[in-house]
Amino acid sequence: MATGFRQDIRQKNTENSGFGDNASGRFINKDGLPNVNRKGVTALNRFSWYHTMLELPTFIFLSYLVIAYIAVNLFFALIYYLIGVEHLTGIDKSTPGNEFIDVFFFSSQTFTTVGYGRIAPVGFMASLVATFEAFLGLLTFAIATGLFYGRFSRPRAFLKFSDIVVIAPFRNQAALMFRLAPYKNNALSDAEVIVSAAIETMESGIPKTRFYTLKTQLNKINTLALNWTVVHAIDEESPFYGFTAEDFRNTDIEIIAHVRAFDEVFSNTVVQRTSYVSGEIVYGAKFVPMYFPDESRLSTVLDLSRISHYQQAELPKAGAIPL
């Protein structure tokens, strides 16, 4: 428990955080998604497969498509094989292995509606299965195309956040700071940040989580081209007023950052979130510069690999955080 945590500050907590007093664990994961496990409904109702497919990493998304494509063709190849290869013309019947390989590739040609013509169905059952497979293939590729377009065209903020929060000297006092920067060549304007703090306190022997909206030095900028260091001054209005290094280590704290900006290419608003917990707060440090002029001094270099780099810094002895 933080010794500097005062009752008058505690009464200024916000009630519109979206999380209740009894919520536990990390509230927002590093990727910005809520750390919530839903129960009381079936798995099919808990997850939106469309949102899930759009959020998957590219490699996993493509792997799922390839695995599903192979599995579907193996399934239909088995059906054709059970019906009988004599109901397919042009099959190489020299060995069972060659038969199944030809049936598999006939299935893939039917599923994609390519239909080279060397192998063709003969009879009602084989023709019926081929007709259904071709219909299923049309629907499947329409869905896959929609997913590809959704992943490609969905506007995203493409922001990189620092891995840590620092408690740094700021105008003869201390301040909580983190920084963010765009890592793609998208043009973001009217960027706005909302920072909240979740602090666990003991009230009548019962742990309660209180939420606070942290006032920042600058909560909106016109253009987000370089890095943006978000600064919350730890003054008398801050819930962290009077916190020592030990308080930051021993108190359950989560800093939640919510960034909203306007993407000029998509003409749409994009949002990205992240959070920091007590173990990700570095006391007595400051960030090092991450942009500098290039050799010709005609352009600016933004080194995103330095976004979390910091150096030790001495906090003022008189101010918001006593040493």
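Just the residues that are open to solvent by 30 Å² or more (accessible area, probe 1.4 Å) and over 30 Å from Glu237 (Cβ atoms), please, taken from segment 167-185.
Those that are open to solvent by 30 Å² or more (accessible area, probe 1.4 Å) and over 30 Å from Glu237 (Cβ atoms): Tyr183, Lys184, Asn185.
Is it the case that some residue within segment 105-124 is outside any helix (DSSP H, G or I), of a type in the set (Phe, Trp, Tyr) and over 41 Å from the mean Cα position of the chain (by Cα)?
Initial filter on segment 105-124 (outside any helix (DSSP H, G or I)): 112-123.
This time we only want the ones that are of a type in the set (Phe, Trp, Tyr), so: 116.
Next cut, over 41 Å from the mean Cα position of the chain (by Cα) only: 116.
Checking segment 105-124: at least one residue is outside any helix (DSSP H, G or I), of a type in the set (Phe, Trp, Tyr) and over 41 Å from the mean Cα position of the chain (by Cα).
Which count do you get for residues in segment 193-213 that are within 23 Å of the chain's Cα centre (by Cα) and either of a type in the set (A, V, I, L, M, F, W, C) or under 25 Å from Asp303 (Cβ atoms) (or both)?
6
Output the residues belonging to segment 117-130 that are open to solvent by less than 90 Å² (accessible area, probe 1.4 Å) and of a type outside the set (A, V, I, L, M).
Residues satisfying the conditions are Gly117, Pro121, Gly123, Ser127.
Take segment 275-304 and flag every residue that is part of a loop (DSSP other than H, G, I, E, B) and hydroxyl-bearing (Ser, Thr, Tyr).
Those that are part of a loop (DSSP other than H, G, I, E, B) and hydroxyl-bearing (Ser, Thr, Tyr): Ser296, Ser299.
Can you name every residue in segment 197-208 that is within 21 Å of Glu254 (Cβ to Cβ) and open to solvent by 30 Å² or more (accessible area, probe 1.4 Å)?
Passing the criteria: Glu200, Met202, Glu203, Ile206, Pro207, Lys208.
Restricting attention to segment 232-274, and to residues there that are aliphatic (A, V, I, L, M) and open to solvent by 10 Å² or more (accessible area, probe 1.4 Å), which single residue is farthest from Pro169 (Cα to Cα)?
Val265
Scan segment 127-155 residue by residue and report those that are outside any helix (DSSP H, G or I) and either free of Cβ contacts under 8 Å to residues at least 12 places away in the same chain or basic (Lys, Arg) (or both).
Arg154
Go through Val103, Val72 for me and flag whichever is surrounded by 14 or more Cβ atoms within 10 Å (Cβ to Cβ) and modelled with pLDDT of 95 or more.
None of the others qualify; the one that does is Val72.
For segment 209-228, name all the residues that are open to solvent by 50 Å² or more (accessible area, probe 1.4 Å) and part of a strand (DSSP E or B).
Scanning segment 209-228 gives Thr213, Lys220, Asn222, Thr223.
Can you name the number of the only condition in (1) more than 27 Å from Leu315 (Cα to Cα); (2) buried (at least 18 other Cβ atoms within 10 Å of the Cβ); (3) not β-branched (Val, Ile, Thr) that Phe158 fails?
(2)
The values are calculated or read from the model by the stated rules, or taken from the named source; none is laboratory data. Remember, predicted model here, so these are calculated numbers, not experimental data. Quick reminder, even Gly has a Cβ in these numbers, built from the backbone with ideal geometry, and neighbours come from all protein chains shown. Accessible surface areas use protein heavy atoms only, side chains included; no ligands, DNA or RNA. Shrake-Rupley method; radii C 1.70, N 1.55, O 1.52, S 1.80 Å.
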